[in-house]
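The structure under discussion appears below in the form of structure tokens.
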Amino acid sequence: MAKKLDLRRFPGFLPLTFLCLFLLYAPLIIVMVYSFNDSNSITNWGGLSLRWYVEVFTGVESEKFKSAAINSISIAIMAAIISTSIATLAATAMLKAGNFRGKSVGFALINLPLMVPEIVTAVATLIFFSAIGFTTGYLTILVAHIVFCIPFAYLPIAARMQGIEDVYEQAAMDLYATRFQTFRLILLPLMTPGIISGFLLAFIISLDDFIITNFVKGAGIETLPTAIFGSVKQGIKPNIMAISTLLLLVSVVFVTLSYLVGRMGQNKKVTTD
Amino acid sequence: MTEIAVDVVNMTKRYGNFVALSNVSLSILDNEFFTLLGPSGCGKTTLLRAIAGFEDISEGAIKLYGEDIADLPPNKRPVNTVFQQYALFPHMDVTANVMFGLLQLGQDQATAGARAAEVLDMVQLTEFADRLPSQLSGGQQQRVALARALAPKPKVLLLDEPLSALDLKLRQAVRQELQQIQQDTGITFIFVTHDQEEALTMSDRIAVIADGEVQQVGPAREIYEAPVNKFVADFIGETNLIDVAVSDVMNGNATCTLPGGAQFTCPAAIGAVAGNGHLSVRPERVSLVKPKDGLLQGSTVRQTYLGTDMHVDVRLKDGEILTVRLQNSEGTDIPEQGALVGLNFETGAARLLVD
């Protein structure tokens, strides 16, 4: 029997699909292909070469990119660790601590950052930092990243937690475990795939962020996205394509990992039926 | 006198306005296989969970060997539970699951490991000790759950419909095994089920629960043969309920008039009174006789073949239908469809119930 809503039978299905795929991926593919271009031009093909990758690591801008990359990665790792820890505790409270006053408000507060326009958060964060007299720099970037990564880390963790039935905790308590031991020995291991997934997602979100970072970073410190933007302002050179391709590669690897970990978790049975 | 293991005293459990258990009092004896039997939603599982510590009680007390445990959290109560869905920890192998409670009690790895091996041997799962729960069949998981709950040598073992997920053949085998383990370990078992056959075959005593109230407590035979009210008679096994006019109840015996006018005297349940009432007669205690010899007369309307038995439904003149169970053996006379028959039963086979 045919499915009721087989989209493939809709008029214009094929052209529309290709248009969407083209708009989404053509720019990425062009950047990737032209990062291997041997020419100084960003539009004329001059043969295959790795010179722009060499340029990224050894050229005049290499020092700037290197320190920006170190900032980006160190901030992403710390922001991911801290936001994942907070998100794990938040998910535990939201889903396993029963009903408490302010639960729905808490849920809204955790997820609201996803809905607030990023530029608003950026401006607000900058105003906040200057209002309390915080000097902008590495630390302000880190704090801002921790905050906006929390909802991204929260989502996969909460999704995983929702699938863990209460009866496991009851069984652990029945077998003389305290609440904390139940959390550490039962809940935490069962949640691990969700936590790893959340960590990887938070890492990527932090690594890729531009708007908020650009507002709160202050002078003299760059992350990869702001460094790339700075270079582009002086004209697009092929080395930007090379560094963008590298960044894309890191993103793809992490998103794939996150997906695989999530799937690994699903194979293990957590429900009791 | 035997010691009381679990004493539930005037216990009430409310969820908002809904009363799940109403003023329940039960005394479960030491080393007893005690069953809480009732239809789904009757409150039997709530009672079990209250003893385990997963439900707060609204009123009353729960005592474990004399000590009030109603305010203790589950991990402070020396009772263990076999959950309906087993709830084996999916990230731990069989041995780790069984050792869990022992380690939480502060035993060292070696002691806990030895005890786990001992319990796994008891449930015949030694060769599966290294498997994960997902690598076991339903029956094996059920035995791991039992082993895990038995390992800490609880004072009372609570079993929440542990057999309901197994198929029929396995269920019958596990019943005997459970009974054997209860006798071998001497641990008091409190077993929750909605399956009356399970309750009758395994239990030392049964508490029949309906609508949050205990209807009757007693050994299987007493529950089956001397039900106190209509609910118990109807829920446990099959029974015929006959409308009668009771003229007198005296010294535990009732004199009543059967449909068709025959006078009959039989034992009455405590609390039965004169007026309109119901007699309970089990189908296997009714015999088919010639119309004139019977206490009741009617015509057969249906015959159901059940293998070892045959059910004959007889419609009385007032329209009521009674069932007679005949053994399927050589020489049993099976009346023809529509034949006029008489129904007879002995005084001891009938019982006047409290409605």
Of A:Thr178, A:Thr121, A:Thr135, which has the largest mean-square fluctuation in a 10 Å C-alpha GNM of chain A?
A:Thr178
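Over all alpha-carbon pairs in region B:238-352, figure out the percentage whose distance exceeds 26 Å. Please report the intermediate quantities before stating the final value.
Working: 1245 of 6555 pairs.
In whole percent, the share of Cα-Cα pairs in region B:238-352 beyond 26 Å is 19.
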Picking from B:Ala199, B:Ala151, B:Ala339, which is most flexible by a Gaussian network model of chain B using Cα springs under 10 Å?
B:Ala339
In whole Å, largest first, what are the principal axis extents of the Cα atoms in the protein assembly as shown?
118, 65, 51
Qualifying trypsin sites (Lys or Arg not before Pro) in region A:56-139, DSSP loop, other Cβ atoms within 10 Å at most 15
A:Arg101
Segment B:Glu127-B:Asp211, extension gain: residue separation times 0.36 nm, minus the distance between their alpha carbons
25.8 nm
Per the Kirkwood treatment, what hydrodynamic radius in Å, one decimal, follows for region B:4-225 from the mean inverse distance over all distinct Cα pairs?
17.7 Å
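Give the calculated FRET efficiency between B:Met250 and B:Arg221 to the nearest 0.05, with a Förster radius of 22 Å applied to their Cβ-Cβ distance. Show your work: numbers first, answer last.
Working: r = 25 Å, r/R0 = 1.15.
Here the calculated transfer efficiency is 0.30.
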Dimensions (Å) - region B:164-244, Cα atoms, principal axes, largest first
47, 26, 23
Using label points projected 7 Å from each Cα along Cα→Cβ, tell me how many nm separate B:Thr332 and B:Ser134, to one decimal.
5.1 nm
At a threshold of 8 angstrom on Cα-Cα distance, excluding pairs fewer than six apart, so keeping six or more, what relative contact order does region B:16-162 reach in percent?
28 percent
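Taking the Cβ of each residue in A:Tyr176, A:Tyr25 as the centre, tally the other Cβ atoms inside 10 Å and list the residues starting with the fewest. Write down the numbers at each step before the final one.
Working: A:Tyr176 22, A:Tyr25 11.
Listing A:Tyr176, A:Tyr25 from fewest to most nearby Cβ atoms yields A:Tyr25, A:Tyr176.
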Rough spin-label spacing in nm, given labels placed 7 Å along Cα→Cβ, for B:Glu3 and B:Glu118
1.9 nm
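Do the sum for the protein assembly as shown: with -39,500 (n - 2.57) for every DSSP H run of n ≥ 4, divided by all residues, what is the mean residue ellipticity at 222 nm, to the nearest 500 deg cm²/dmol?
Details: 20 runs with 277 residues, N = 628.
Computed mean residue ellipticity for the protein assembly as shown: -14000 deg cm²/dmol.
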Flagged links, alpha-carbon separation over 31 Å, of B:Lys13/B:Lys155; B:Lys230/B:Lys292; A:Lys96/B:Lys63; B:Lys63/B:Lys169:
B:Lys63/B:Lys169
How high is the relative contact order of region B:238-352, in percent, counting Cα pairs under 8 Å that sit 6 or more residues apart?
30 percent
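Using r as the Cβ-Cβ distance of A:Lys64 and A:Asn40, and R0 as 22 Å, what FRET efficiency do you calculate, to the nearest 0.05?
Calculated value: 0.65.
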Quick calc, the protein assembly as shown, dipole around Cα centre from Cβ unit charges on Lys, Arg (+) and Asp, Glu (-), nearest 20 debye, gives 2440 debye
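Please state the relative contact order of chain A as a whole percent: Cα pairs under 8 Å, 6+ residues apart? Mind dumping the intermediate values first?
Values: 298 pairs, mean separation 79.1, N = 273.
RCO, chain A: 29 percent.
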In region B:40-82, what is the volume of the convex hull around the alpha carbon atoms, normalised per residue and reported in Å³?
83 Å³
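A short reminder: the numbers here are calculations on the coordinates, not readings from a lab. Worth saying up front: this structure is predicted, and the values here are computed from it rather than measured. Note that each Cβ is placed from the backbone with ideal geometry, even for glycine, and that neighbours are counted across all protein chains shown.
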